[in-house]
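Chemist: My structure is below; once you've seen it, I'll send some questions.
The values are calculated or read from the model by the stated rules, or taken from the named source; none is laboratory data. Predicted model only: the values in this text are computed from it and were never measured. All Cβ positions, even for glycine, are placed from backbone atoms using ideal geometry, and neighbour counts span all protein chains on display. Surface accessibility is based on the protein's heavy atoms, side chains included, excluding ligands, DNA and RNA. Shrake-Rupley method; radii C 1.70, N 1.55, O 1.52, S 1.80 Å.
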Amino acid sequence: MTERRSGGRWRRDRLLRTVLPIWWWLLRRRYRIELRGTEALDRSGGLLILPNHPAYIDPVIVTLALSRHIRVRPVYERDMVDLPVLRLLPELFRSIPMPDLSKPSPKARQQTEVALGQVVEALDAGDNVILWPAGRAQRTGSESLRDTFGTAKILERAVAPKVVLLRTRGLWGSRLSYAFLGGPPRLVREVLRGIAAALGCLLMMPKREVTLTLEPLPESAWRGRSPADLNRELEALYNAPGPEAPRFVPLLPWVGPRQYEFPEPVSFESEIAPSDVPPMTRKHVAGILRRARPELEEAALEDPDTSLESLGIDSLTRMDLTLAIERDLGHPSRRVPVTLGDLWAQAGGLDGPSEKETGVPGGWGRDSSAPIDISGETVLEAFLHQVAKKPSAAAAIDDLSGLRTYEQLAVGAWAIARRLVDLEGSSVGILLPASVAADVSYLACLLAGKTPVMLNGTTGRANVQSAAETLGLRHAITGRAVLDHLGWDVEGVEWLELETMRKSITKLELLGGLIARRLRLGLFRDPEGRPDDIAMILFTSGSERAPKAVPLTHRNVLSDLRGLLEVFPLQDDAVVLSFLPPFHAFGINITSLLPLLAGARIVHHKDPTEFRALADKLIRYGVTVLPGTPTFVARILEALDGREAETLWLVVVGAEICPPSLARRLAEVAPRAELHEGYGTTECSPLVSCTRPDVNLSGTLGRPLPGVDVRVVDPDTLAPLDDGERGLLLVAGEIVFPGYLNAPSPFVTVESREWYATGDLVTRDASGTLRFCGRMKRFLKAGGEMISLPAIEGPLADRFPPTDTGPRVAVEGVEEEGRCRIVLFTTEELALDTVQGWLREAGLGPLSRIDAIEHLEEIPLLGTGKTDYRTLREQVVAMRR
């Protein structure tokens, strides 16, 4: 082992001796670098070198400059060394990878602790480590360590580190610094521009003067100091000459501008005001903060501009806070917060970026409109029909992939399919948010002859593990950000990261795919799939029990989509806003496959809780169709902030009761739009019924789609019931799935025909219109009487309708020893006798009562926006113990 390590070090040293002079020579074509104080470089090793960070180029300059004198191990951010020009650095210098701490995730939190441990081990072993204490490039010309306490943790754990300060001056104002644009530099563009300029002037570029000053930091300056005091000490030393003024150095020696007006530095003040966030949400954030710092007083948690650093919250604890808020309230964060207002924004679902209403990409619009339909017997055949019909027409768009035409989607799916076709097993999982990537991955599975399995990461590792074992899943497509966010793996499943697969796809391969598509060669030939083959496997929501595996056939999916188009005859200029995740039947089938297979357009957004961003997309891209749950749709409409959605004409909601307030709000912001309610289940692909443009009865489930048969029967005897009688809803037709893969059959035989028993109770009038009465599972029996939990919840929900933070009341209960225990969960302060009085006023009998009231900061929701009654029932059971 020692010989192998020595051989590896010898080869690395030899390569360094070869390439280091070349790199250094190239770097000095642009920079005149002076290294001062080299006597501080103790050749015995164990140095912790702490540079400031004025620009994105200084890690390269510092590493190469110091490597001319001593062997060093830099600590680099993982994402930065992924850049092509830097990929040699980790191997040659044995760099220690550090995650991007601006992107909170459980995995990043874990990787940070691992990296800090590696630094300590390296120092104790006598290695020289370069660590940038700020963890990010300067924003204002002065070094600010804020609350990054990693340096203090390392100094506390290391046995006998020798600390050397390194002050870099001269790079503030570089095109690779924040000074140049007043914000993040465009790294790839500026590097390519620099290379082009260097070649254009034969490497005789104007030089930027850069000085690197080394200064030993005595042990008395850091030993026994608190992390905050150490940061202030380092900041004072870095900024001792005073803030650095930006300096402009032209790229070319003879042409181009000689001067440049630098913009104002970026500001980090919170954009959130206390009035933007409900008091209950602010109270919840205060509780989370006090768990981290019990000594915090209420007065310190009132100003949104209060920095978390001033509250003694370090960078790792800030990441813990964002993860706690996401766990408690369901709102993820795009970045690690800096201020108290940032935490409020995340907790209130206001953390999504507000996009500027700029022009849409060229090619997005449609010059004409025509009725649309779906051709073909399989999903893949229907999609390829649209590709052949309108290859250059816009199909889908999102923030990451940008605009994609039908042909681009097809070629991208073909390239991914080539990497799936030889994988073990007949199915491939997909764990992605609503996105172009999810569309491409789904189509790629079909092209490769694999069954797409839509995995739901919001249900937790145990449920995903169970799904994988049930289906014998060996591979699943996902993204690096998704894995970082989840922070866990699934035993026996290999994650196929889209980023890695995309890097392996060459332009020549894509050109070949384009030719194959146009000639219908290889995977682009007419598919041989059959209508009754499985098109996807989904899982039930798990709101009331463990998720069940639901296979949907091509016939199921296409029948449901065609029935919906009969009710709502869309034109091909329709634009659908897609934000429900593709593990949701409504998300994959209605908001993704419907527009793709019919030739319309999709606007994807990956996070359904970023309501401001969704509202901006609705306006920006001229969205005409808005499907979703009432809770999500209401929040999007509220986030319009007075703007009118002129293009919106159809809103379809389902999965929960639609409050009257949604219709009023829609009339205010989108006068042309119609609000329709629907009913569906995953097992029915998913839509069973909906209100119609000709007969739109608010508060009903509408009539069944064309081709869908329903029966209302007695739950015990299955005898058909008359109109107006409440009973169990049965469904039959081509939309109904063939049966669960991991659960007993849900089918019953009535009148010599097999029906799917939905588990929902409804009434039906003479016109065929259905009204929802509740889930059978949400009925309790006491003294031979059936007690409806939705019936109890209904009057209370009318008094306290959902707000922009979600539902305010939910009722759940359990049967115990011949009686029932029913609990009201609420975000309001309510008295039990008052609630009982409201139920009596609503005409409910004495059995419909509340036994206890439990106050919650937030009603728990599933990833789909439904109330998580399963979690509430577990709380009721726990209360009995």
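Chemist: Which of (1) modelled with pLDDT of 70 or more; (2) open to solvent by 20 Å² or more (accessible area, probe 1.4 Å); (3) not β-branched (V, I, T) does P304 not meet, given it meets every other one?
Modeler: (2)
Chemist: Return the residue satisfying two criteria in turn: it lies in the range 725-765 and is in a strand (DSSP E or B) and of a type in the set (S, T, N, Q), and of such residues it is surrounded by the fewest Cβ atoms within 10 Å (Cβ to Cβ). Steps first, answer last, please.
Modeler: First, the residues of the range 725-765 that are in a strand (DSSP E or B): 727-732, 747-750, 753-764.
Okay, now just the ones that are also of a type in the set (S, T, N, Q), so 749, 758, 763.
Working: T749: 9, T758: 21, T763: 20.
Selected residue: T749.
Chemist: Return the residues of the range 359-383 that are among the β-branched types (V, I, T) and either more than 15 Å from A598 (Cβ to Cβ) or assigned to a loop (DSSP other than H, G, I, E, B) (or both); say none if nothing qualifies. Step through it out loud before you land on a result.
Modeler: Keep residues of the range 359-383 that are among the β-branched types (V, I, T), which gives 360, 372, 374, 378-379.
Result: V360, I372, I374, T378.
Let's see how each residue does on (1) more than 40 Å from the chain's Cα centre (by Cα); (2) at pLDDT 85 or above:
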{"site": "R189", "(1), (2)": "no, no"}
{"site": "L192", "(1), (2)": "no, no"}
{"site": "L212", "(1), (2)": "yes, yes"}
{"site": "A240", "(1), (2)": "yes, yes"}
{"site": "A245", "(1), (2)": "no, yes"}
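Chemist: Please specify each residue of the range 150-191 satisfying the condition of being buried (at least 20 other Cβ atoms within 10 Å of the Cβ) and of a type in the set (G, A, S).
Modeler: Hits for the range 150-191 are G150, A152, G170, G173, S174, S177, A179.
Chemist: Something else: Mind listing whichever residues of the range 137-149 are within 25 Å of L323 (Cα to Cα), of a type outside the set (D, E) and open to solvent by less than 30 Å² (accessible area, probe 1.4 Å)? Steps first, please.
Modeler: Here is the first cut: in the range 137-149, the ones within 25 Å of L323 (Cα to Cα) are 137, 144-149.
With of a type outside the set (D, E) added as a condition, the list becomes 137, 144-146, 148-149.
The answer is A137, L145, T148, F149.
Chemist: Could I ask something else about it? Any chance the range 694-702 includes a residue that's within 20 Å of L538 (Cα to Cα) and under 34 Å from the mean Cα position of the chain (by Cα)? Before you say what the answer is, go through the steps one by one.
Modeler: So in the range 694-702, the residues within 20 Å of L538 (Cα to Cα) come out as none.
For the range 694-702, residues within 20 Å of L538 (Cα to Cα) and under 34 Å from the mean Cα position of the chain (by Cα): absent.
Chemist: Any chance you could count how many residues in the range 212-256 are closer than 24 Å to R139 by Cα and exposed (fewer than 14 other Cβ atoms within 10 Å of the Cβ)? Working first, answer last.
Modeler: Quick first cut of the range 212-256, residues closer than 24 Å to R139 by Cα only: 212-215, 227-251.
Then keep just the ones that are exposed (fewer than 14 other Cβ atoms within 10 Å of the Cβ); that gives 229, 232, 236, 240-243, 245.
The qualifying residues number 8.
Chemist: While we're on this one: Answer yes if at least one residue in the range 471-485 is touching a residue at least 24 places away in the same chain (Cβ under 8 Å), assigned to a strand (DSSP E or B), open to solvent by 10 Å² or more (accessible area, probe 1.4 Å) and in contact with a strand residue (DSSP E or B) (Cβ under 7 Å, 6 or more places away or on another chain), and no otherwise. It would help to see each step written out before you state the result.
Modeler: Initially, the range 471-485 is screened for residues touching a residue at least 24 places away in the same chain (Cβ under 8 Å), giving 471-479, 481-485.
Within this subset, residues satisfying the condition of being assigned to a strand (DSSP E or B) are 475-478.
Of the ones still in play, those that are also open to solvent by 10 Å² or more (accessible area, probe 1.4 Å) are 475.
From the residues that got through so far, the ones that are in contact with a strand residue (DSSP E or B) (Cβ under 7 Å, 6 or more places away or on another chain) too are 475.
Looking through the range 471-485, at least one residue is touching a residue at least 24 places away in the same chain (Cβ under 8 Å), assigned to a strand (DSSP E or B), open to solvent by 10 Å² or more (accessible area, probe 1.4 Å) and in contact with a strand residue (DSSP E or B) (Cβ under 7 Å, 6 or more places away or on another chain).
Chemist: Does S698 satisfy the criteria of being of a type in the set (S, T, Y) and either open to solvent by 40 Å² or more (accessible area, probe 1.4 Å) or closer than 18 Å to T631 by Cα (or both)?
Modeler: Details: of a type in the set (S, T, Y): yes; either open to solvent by 40 Å² or more (accessible area, probe 1.4 Å) or closer than 18 Å to T631 by Cα (or both): yes.
When the stated conditions are applied, S698 passes them.
Chemist: While we're here: Could you say whether any residue in the range 514-527 is at pLDDT 80 or above and not hydroxyl-bearing (S, T, Y)? Reasoning before the result, please.
Modeler: Let us first name the residues in the range 514-527 that are at pLDDT 80 or above, namely 514-515.
Narrowing the set further to residues that are not hydroxyl-bearing (S, T, Y) leaves 514-515.
Scanning the range 514-527 turns up at least one residue that is at pLDDT 80 or above and not hydroxyl-bearing (S, T, Y).
Chemist: Right, here's the next one. P790 - would you say it is touching a helix residue (DSSP H, G or I) at 6+ places or on another chain (Cβ under 8 Å), at pLDDT 80 or above and open to solvent by less than 40 Å² (accessible area, probe 1.4 Å)? I'd like the intermediate steps shown before the answer.
Modeler: Details: touching a helix residue (DSSP H, G or I) at 6+ places or on another chain (Cβ under 8 Å): yes; at pLDDT 80 or above: no; open to solvent by less than 40 Å² (accessible area, probe 1.4 Å): yes.
Answer is no for this residue.
Chemist: Out of all the residues in the range 127-156, which are more than 19 Å from A221 (Cα to Cα) and acidic (D, E)?
Modeler: D127
Chemist: What's the total number of residues in the range 118-136 that are open to solvent by 20 Å² or more (accessible area, probe 1.4 Å) and modelled with pLDDT under 90?
Modeler: Of the residues in the range 118-136, 2 are open to solvent by 20 Å² or more (accessible area, probe 1.4 Å) and modelled with pLDDT under 90.
Chemist: Is the range 44-63 home to any residue that is closer than 27 Å to Q138 by Cβ, open to solvent by 10 Å² or more (accessible area, probe 1.4 Å), at pLDDT 90 or above and polar (S, T, N, Q)?
Modeler: No: the range 44-63 contains no residue that is closer than 27 Å to Q138 by Cβ, open to solvent by 10 Å² or more (accessible area, probe 1.4 Å), at pLDDT 90 or above and polar (S, T, N, Q).
Chemist: Still on this model: Inside the range 491-505, can you point out the residues that are assigned to a loop (DSSP other than H, G, I, E, B) and in contact with an Asp or Glu (Cβ under 9 Å, 6 or more places away or on another chain)?
Modeler: E491, G492 - these are the residues of the range 491-505 that are assigned to a loop (DSSP other than H, G, I, E, B) and in contact with an Asp or Glu (Cβ under 9 Å, 6 or more places away or on another chain).
Chemist: Another question, then. So the check is Cβ under 6 Å with 6+ separation or different chains; which pairs have a first residue in the range 666-679 that's in contact (Cβ under 8 Å) with a residue 12 or more places away in the chain and a second one that's of a type in the set (S, T, N, Q) and open to solvent by 70 Å² or more (accessible area, probe 1.4 Å)?
Modeler: Short answer, once both residue conditions are applied: none.
Chemist: Filter the range 432-460 down to residues that are crowded, with 24+ Cβ neighbours inside 10 Å and free of Cβ contacts under 8 Å to residues at least 60 places away in the same chain and give me whichever is farthest from M501 (Cα to Cα).
Modeler: Out of the qualifying residues, it is C445.
Chemist: Continuing with this model, one more query. With the condition kept exactly as written, say whether any residue in the range 855-878 is among the aliphatic types (A, V, I, L, M), closer than 30 Å to P433 by Cα, modelled with pLDDT under 80 and in a loop (DSSP other than H, G, I, E, B).
Modeler: First, the residues of the range 855-878 that are among the aliphatic types (A, V, I, L, M): 856, 859, 861-862, 872, 876-878.
Next, only the ones that are closer than 30 Å to P433 by Cα stay: 856, 859, 861-862, 872.
From what's left, modelled with pLDDT under 80: 861-862.
Filter once more, keeping what is in a loop (DSSP other than H, G, I, E, B): 862.
Looking through the range 855-878, at least one residue is among the aliphatic types (A, V, I, L, M), closer than 30 Å to P433 by Cα, modelled with pLDDT under 80 and in a loop (DSSP other than H, G, I, E, B).
Chemist: Does G784 count as surrounded by 19 or more Cβ atoms within 10 Å (Cβ to Cβ) and at pLDDT below 85?
Modeler: Numbers: surrounded by 19 or more Cβ atoms within 10 Å (Cβ to Cβ): no; at pLDDT below 85: yes.
For G784, the condition - surrounded by 19 or more Cβ atoms within 10 Å (Cβ to Cβ) and at pLDDT below 85 - is not met.
Chemist: If you don't mind, there's one more thing I want to ask. Taking the range 97-117, which residues are at pLDDT below 70, open to solvent by 10 Å² or more (accessible area, probe 1.4 Å) and among the small types (G, A, S)?
Modeler: Residue satisfying the conditions is S102 alone.
Chemist: Okay, moving on. Take E235 and tell me if it is among the acidic types (D, E), touching a residue at least 40 places away in the same chain (Cβ under 8 Å) and either touching an Asp or Glu at 6+ places or on another chain (Cβ under 7 Å) or on the phi > 0 side of the Ramachandran plot (or both).
Modeler: Values: among the acidic types (D, E): yes; touching a residue at least 40 places away in the same chain (Cβ under 8 Å): yes; either touching an Asp or Glu at 6+ places or on another chain (Cβ under 7 Å) or on the phi > 0 side of the Ramachandran plot (or both): yes.
So E235 passes the test.
Chemist: A further question follows. Which one is least open to solvent (accessible area, probe 1.4 Å), of the residues in the range 652-690 that are in a loop (DSSP other than H, G, I, E, B) and closer than 11 Å to L637 by Cβ?
Modeler: Within the range 652-690, the subset in a loop (DSSP other than H, G, I, E, B) is 654-659, 670-673, 681, 685-686.
With the extra rule that they be closer than 11 Å to L637 by Cβ, the set shrinks to 670, 673.
Numbers: A670: 1, A673: 20 Å².
If we take residues in the range 652-690 being in a loop (DSSP other than H, G, I, E, B) and closer than 11 Å to L637 by Cβ, then A670 is least open to solvent (accessible area, probe 1.4 Å).
Chemist: A follow-up question, please. Of the residues that sit in the range 335-378 and are hydrophobic (A, V, I, L, M, F, W, C) and modelled with pLDDT under 75, which one is surrounded by the most Cβ atoms within 10 Å (Cβ to Cβ)? Walk me through it before giving the result.
Modeler: Here is the first cut: in the range 335-378, the residues hydrophobic (A, V, I, L, M, F, W, C) are 336, 338, 340, 343-345, 347, 350, 360, 364, 370, 372, 374.
Next cut, modelled with pLDDT under 75 only: 336, 338, 350, 360.
Numbers: V336: 20, V338: 19, L350: 23, V360: 16.
It comes out as L350.
Chemist: Hey, another quick one. Within the range 290-301, restricting attention to residues that are part of a helix (DSSP H, G or I) and of a type outside the set (K, R), which residue is modelled with the highest pLDDT? Give the steps one after another, and end with the answer.
Modeler: Here is the first cut: in the range 290-301, the residues part of a helix (DSSP H, G or I) are 290-292, 298-301.
From what's left, of a type outside the set (K, R): 292, 298-301.
Numbers: A292: 74, E298: 74, A299: 73, A300: 73, L301: 77.
Checked the range 290-301; the qualifying residue modelled with the highest pLDDT is L301.
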